[in-house]
Amino acid sequence: MVQFVNRICRGKLKTTEMINCYQPLFMRRPAKKPRPCKENMDILTNFNLVANQCRVAANMNTDTTDDKPLRGCRPMPLQPLNRVPPHREGPPPPTPPFQPHPHGLAPPPPPPPGFGVSASNQRQTTPNRPQTPNHDLGYHTLISRSGQSQWNNDMKSGSFSTLSNTTSISRHSPARQMPSIPPSSVDSSDTEGFMTTNSSPYKGKKWGRGSGFDRLPDDVVLKIFSNMSSTQLCNMARVNRRFYALAWEPQLWTRINLSGEQLNADKALKTLTRILGRASPPFCPTIEKVALNGCSRLTDRGLHVLARRCPELKHLEIKGSALVTNSGIFELVSKCLNLVHLDVTGCSQITCIDGAPSHSNLPSTSRGLGLHSDPSHYPRPQLFLQIQYLDLTDCLGLQDAGLLVVVRNCTQLQCLYLRRCVHITDAGIKNVVSYCQGLREFSVSDCLQITDRGLFELAKLGPSLRYLSIAKCDQVTDAGLKHIARHCYKLRYLNMRGCETVTDSSVEALARSCSRLRALDIGKCDITDAGLRHLAENCPNLKKLSVKSCELVSDTGVQAIAYYCRGLQQLNIQDCIISIDGYRTVKKFCKRCIIEHTNPGFY
């Protein structure tokens, strides 16, 4: 190469020979006669300028000979597509950026290190190779070596942000392979780590063959699981190991909802509390609500499990569990001191909530009911319970003595429901009013032994009473209702359906005193259009009204209700003599009212 440059400097090499000598380095194909085209003219002009510069350098050097390399003349990197600027004094101009070949030919791949000759032989055969990183004996080396090192660094760091700054690789060059990630770098047990690895910038890389649900983070899956019932969570725990770990998270088990007549509720509660109590054995502090509706196989054993392992229980529903007795209820309420809501609807064996002795210690006359007829016959420890909501509906064994024990231990009651407790009398109501001064909702529907005397006692609650249901208490008359209207003037809901002795005078007294009524049921009462007229004029905020089976009500009373009570939402006129005109009037003035009727002509 040096001898070739010396020959150029001495003018002993023609331009055509120069093209033929350098043609294998640039074109890598058999030499052809140059065509008179623009590209060839650029190449000839470029070499003429190089030759002139070499001659000027040769004239400045006086020690040059034909056999020795030219001193002071440094071979310049040849760039066929860029015109060399004219020679000027000062530092050499910077190397222009690389541009592709005008003929579109790709550079040859670089020979691998040590190919055909050892490293020691390479050092011996090329002792005078310059150390400039951008200068080498081949066209392919015009690509910066720094790009290769940059590529290697990117491979090690896993970042591909610098690929856009490197020179593109020709189709004839060996393709650079994307780095592979070993399978051990992904921990399948850690979902968040898996998501981080899976979101790497390796485009086209497929991770796993599972569904997209498997790639959700744990917090999203827990949010989905929070909308499932207890039975569904137990089924999800059987899918795989990840779902098993997530389905038993304590934050998902603030409530337990179980139902089914064939369900072994005792075993289910024992298993659930044992699994959920692994974090803080043997307690389950996160469980606050338990609903066991229709679990006919539930016994006192299940309640003992809840009392022992769920000390933070606040809400309990055990509807239709006929095998539950007073012992299980007492065990529960004595240990779950935060219990505020208790619903034992349909538990026919419950007669009281008390720490009474067992049946074996009671007199034979009191066995079967769980308490003695006289509460003072044997000592009973008083419980200061925090229960505010108590539903004893369909507890057929409940009597006045048991009710006295209940209200004596639950003085914080606000809602008490005694529907169909047929043994309750006016004496029981008197005990309720004596101990529960803050009672707001009270129901004695279908308690046939309630009379006006019981209403006189209820009137002592005053304006704190907001909800009252005396449906089908056929011994109640206008006197008791007028007394209620006079003292309980903040009533919002009143149900006196089936009180056939109630007349318009009671409705008029209620309308004048209880102007805040929102819902009123006077079905099967002796009510006429005059009573409805008084009700409509004095209770304009009425939302729900039922005059079912009131044979004396006609279109006049219904039209008055529709005209004054524009916000009426529900009207029951079944078995009433109402024509299409009354129906259309209600639809005209009460746009959102739902009308319940039995007239086929209204459809």
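For the reader, a short list of remarks on this structure follows.
Results for (1) of a type in the set (S, T, N, Q); (2) in contact with a Lys or Arg (Cβ under 8 Å, 6 or more places away or on another chain); (3) surrounded by fewer than 16 Cβ atoms within 10 Å (Cβ to Cβ); (4) assigned to a loop (DSSP other than H, G, I, E, B), shown as yes or no for each residue.
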residue: 558; (1), (2), (3), (4): no, no, no, no
residue: 566; (1), (2), (3), (4): no, no, yes, yes
residue: 574; (1), (2), (3), (4): yes, yes, no, yes
residue: 577; (1), (2), (3), (4): no, no, yes, yes
residue: 581; (1), (2), (3), (4): no, no, yes, no
residue: 586; (1), (2), (3), (4): no, no, no, no
residue: 591; (1), (2), (3), (4): no, no, yes, yes
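- When 378, 417 are checked against the criterion of being open to solvent by less than 50 Å² (accessible area, probe 1.4 Å), of a type in the set (Phe, Trp, Tyr) and either at pLDDT 95 or above or under 23 Å from residue 465 (Cβ atoms) (or both), 417 stands alone in meeting it.
- Residue in segment 515-525 that is in a helix (DSSP H, G or I) and under 51 Å from the mean Cα position of the chain (by Cα) present: no
- Leading residue by the ranking (nearest to residue 296 (Cα to Cα)) among those in segment 310-338 that are among the aliphatic types (A, V, I, L, M) and crowded, with 18+ Cβ neighbours inside 10 Å: 323
- Qualifying positions in segment 458-486 - closer than 22 Å to residue 389 by Cβ and open to solvent by less than 30 Å² (accessible area, probe 1.4 Å): 458, 461, 462, 465, 468, 469, 470, 471
- Take the conditions (1) open to solvent by 10 Å² or more (accessible area, probe 1.4 Å); (2) farther than 25 Å from residue 403 by Cβ; (3) assigned to a loop (DSSP other than H, G, I, E, B); residue 284 misses just one of them, which is (1).
- Within segment 389-413, the set of residues being over 16 Å from residue 424 (Cα atoms), surrounded by fewer than 19 Cβ atoms within 10 Å (Cβ to Cβ) and out of contact with any helix residue (DSSP H, G or I) (no Cβ under 7 Å at 6 or more places or on another chain) comprises 389, 412.
- Residue in segment 442-452 that is part of a helix (DSSP H, G or I) and modelled with pLDDT of 95 or more present: yes
- Single residue of 545, 552 found to be within 14 Å of residue 532 (Cα to Cα), under 45 Å from the mean Cα position of the chain (by Cα) and not in a helix (DSSP H, G or I): 545
- Test: residue 297 is over 26 Å from residue 337 (Cα atoms) and open to solvent by 80 Å² or more (accessible area, probe 1.4 Å): no
- Yes/no for residue 542 being modelled with pLDDT of 95 or more and touching a helix residue (DSSP H, G or I) at 6+ places or on another chain (Cβ under 6 Å): no
- Within segment 526-542, the set of residues being touching a Lys or Arg at 6+ places or on another chain (Cβ under 7 Å) and either open to solvent by less than 40 Å² (accessible area, probe 1.4 Å) or assigned to a loop (DSSP other than H, G, I, E, B) (or both) comprises 541, 542.
- Residue in segment 477-497 that is in contact with a Cys (Cβ under 6 Å, 6 or more places away or on another chain), in a loop (DSSP other than H, G, I, E, B), β-branched (Val, Ile, Thr) and in contact (Cβ under 8 Å) with a residue 24 or more places away in the chain present: no
- Scanning segment 490-514 for residues that are under 45 Å from the mean Cα position of the chain (by Cα) and under 18 Å from residue 459 (Cα atoms), we see that the one that is surrounded by the most Cβ atoms within 10 Å (Cβ to Cβ) is 496.
- Subset of segment 234-265 [closer than 30 Å to residue 322 by Cβ and either part of a helix (DSSP H, G or I) or small (Gly, Ala, Ser) (or both)]: 234, 235, 259, 260, 265
- Subset of segment 226-251 [surrounded by fewer than 17 Cβ atoms within 10 Å (Cβ to Cβ) and among the hydroxyl-bearing types (Ser, Thr, Tyr)]: 226, 229, 231, 244
- Summed over segment 292-351, residues that are of a type outside the set (A, V, I, L, M, F, W, C) and part of a loop (DSSP other than H, G, I, E, B) total 17.
The values are calculated or read from the model by the stated rules, or taken from the named source; none is laboratory data. From a predicted model like this one, the values you see are computed outputs, not experimental measurements. For neighbour counting, all protein chains shown are included, and Cβ atoms are generated from backbone atoms with ideal geometry for every residue, glycine included. Surface areas here come from the heavy atoms of the whole protein model, side chains and all, with no ligands, DNA or RNA. Shrake-Rupley method; radii C 1.70, N 1.55, O 1.52, S 1.80 Å.
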